1. What spacing in nm lies between the two simple spin-label points modelled at residue 25 and residue 57, each 7 Å away from Cα in the Cβ direction?
2. Between residue 78 and residue 64, what is the spin-label point distance in nm, taking each point 7 Å from the Cα along the Cα→C-beta axis?
3. Given an 8 Å cut-off on Cα distances and at least 6 residues of separation, report the relative contact order of the stretch 57-104 as a percent.
4. Where does each of 26, 79, 69 land when they are ranked from fewest to most other beta-carbon atoms within 10 angstrom?
5. Could you list 58, 67 so that the one with the fewest beta carbons within 10 Å of its beta carbon is first and the one with the most is last?
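Just so it is clear, none of the values below were taken in a lab; they were calculated from the coordinates. Source: prediction; values computed, not measured. A quick note on method: Cβ atoms are made from the backbone with ideal geometry, for glycine too, and the neighbour counts reach across all protein chains shown.
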């Protein structure tokens, strides 16, 4: 009995110390209902959760964006905080599930159809 209990206790720090992050990718080209948010146990060497948001204006004038959530190593994140500009930003954090949803996506999801309508009406 003792060896089995000891083996389980030896694995406990690995389970407790493994960072948990949200994991998904969505974009302005995707159906929001198709996005599947999952959680993941970060691999060894990943000490941060990361969320990123990039937006660009296409040649046709439409705005497109991509948002991601994932684990990150120290090549991507070296400290907590957001880095970059408003529409090209990476945010790093070191707590379980700290890379939750952002207000930018909700705002962009609301503004994109308005922009498309405006472009079609005035083009």
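1. 2.6
2. Distance between label points: 3.2 nm.
3. Rounded, it is 24 percent for the stretch 57-104.
4. By the 10 Å Cβ count, ascending, the order reads 79, 26, 69.
5. Least crowded to most crowded, the residues run 58, 67.
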